[in-house]
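The values are calculated or read from the model by the stated rules, or taken from the named source; none is laboratory data. The model shown is predicted, which means the values in this text are computed figures rather than measured ones. All Cβ positions, even for glycine, are placed from backbone atoms using ideal geometry, and neighbour counts span all protein chains on display. Ligands, DNA and RNA are stripped out before the accessible areas are found, and what is left, the full protein with its side chains, is counted by its heavy atoms. Shrake-Rupley method; radii C 1.70, N 1.55, O 1.52, S 1.80 Å.
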Amino acid sequence: MAMAKENVANHHSLVFRKASVDMLTDFLANLNEKNKDNLHRLPICSGAFKDRRLFEYTLLICQELQLDPPVGYHAIDLLQRFMVKHIKHLLTGTSTSNLRDLKNPKFQKLLENFPLVIFSCIQVASKLSLQRRTVDIHIALRFLRSTGLDFSKQAVLKSELMVLKGLDFRLDLPNPLIFIEVLLEVLAHNEPNAPVERLYRLCRHVLQFISLQRDAFYDAVLAITTQNANPTAEMREKFVTVTEDCMMLGVGVIAAAAFILHIRYWEQVVSELSHMTGISTAVICDFSRVALAFVVGTPPFDQ
């Protein structure tokens, strides 16, 4: 049964080389604009809800529910955006002393319902995906109760609506895997012989690995970028835009996967990615270098 579930969850595979040039141009331009817009409006606590435990928890739920990998990445993005807005709303009118009070009723309620909020984000993400299987109320109740979370039908529906309203029903922000898929489609058009299908399978593994090592990974990228093993608080603050840059993450993952798949083809892929996105080859190389170092378990820079 476990193997069957794994096969279904890993069945997500794309058919490349089907989109027209005009469509690809529009897709890439649209992604680029959304990425830039997101980076211009980053909240103070960006990335706070993308830590390893939450990411792993979300992916395991998606695997158990036989949902495709993009659903998990989308759910994490929805959770990050919702929680920032929701906590900001809870803090409105709250005194400084109460902010440190973990026994505050508002925060206690949030802590109690947090597993349900995560699940609601997965529900919403599943309904936005192109796959046939979505998480309806019956599947939701059955799964939650199987894990010992005895929420009522009304509570599940209320939580899902709270997430939708909290995000102002703006649910179309692309996740990192979407960036990788579009970039690979463009690469397949520019380089007809590029093994994008094999690259895509590798990219999914590299992206998941980086996501599970997110904090340590970006600490290493920052250290290489600044040539400083102990970056200052100001350096870290300015670097936040890099940690939330899905286009940068996408090209870095593809470059790392290309190096693993066929090292002789790597330079050509990096050059194409730079041409497609405007990101310099030097930056792409640094990013993929750190990714590869984490994959093989070697120090990404000399301390």
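Taken over the stretch 18-65, the criterion of being polar (S, T, N, Q) and under 20 Å from S211 (Cα atoms) is satisfied by N35, N38, S46, T58, Q63.
Would you mind stating whether K5 is open to solvent by less than 80 Å² (accessible area, probe 1.4 Å), at pLDDT 85 or above and in a helix (DSSP H, G or I)? Considered against the rule, which asks whether it is open to solvent by less than 80 Å² (accessible area, probe 1.4 Å), at pLDDT 85 or above and in a helix (DSSP H, G or I), K5 comes out as no.
Scanning the stretch 29-68 for residues that are more than 14 Å from the chain's Cα centre (by Cα), open to solvent by 30 Å² or more (accessible area, probe 1.4 Å) and touching a residue at least 60 places away in the same chain (Cβ under 8 Å) yields N32, K34, L39, L42, E64, Q66. Can you tell me which condition T241 does not meet? The list is (1) open to solvent by less than 40 Å² (accessible area, probe 1.4 Å); (2) modelled with pLDDT of 85 or more, and all the others hold. Here T241 clears every test but (1). Residue count for the stretch 8-28 under the criterion of being among the β-branched types (V, I, T), modelled with pLDDT of 75 or more and open to solvent by 100 Å² or more (accessible area, probe 1.4 Å): the result is 0.
At least 1 residues being open to solvent by 40 Å² or more (accessible area, probe 1.4 Å) and in contact (Cβ under 8 Å) with a residue 24 or more places away in the chain is the threshold, and among the helices (runs of 4 or more DSSP H) wholly inside the stretch 123-212 those reaching it are 153-166, 176-190, 196-212. The single condition from (1) hydrophobic (A, V, I, L, M, F, W, C); (2) open to solvent by 20 Å² or more (accessible area, probe 1.4 Å); (3) without any contact (Cβ under 8 Å) to a residue 24 or more places away in the chain; (4) in a helix (DSSP H, G or I) that L222 fails is (2). Scanning the stretch 91-110 for residues that are under 24 Å from the mean Cα position of the chain (by Cα), outside any loop (DSSP other than H, G, I, E, B) and at pLDDT 75 or above turns up at least one hit. You will find that of E234, E272, the residue that is charged (D, E, K, R) and surrounded by fewer than 17 Cβ atoms within 10 Å (Cβ to Cβ) is E234 and no other. In the stretch 71-86, the residue that is modelled with the lowest pLDDT out of those that are open to solvent by 30 Å² or more (accessible area, probe 1.4 Å) and closer than 23 Å to L144 by Cβ is H86.
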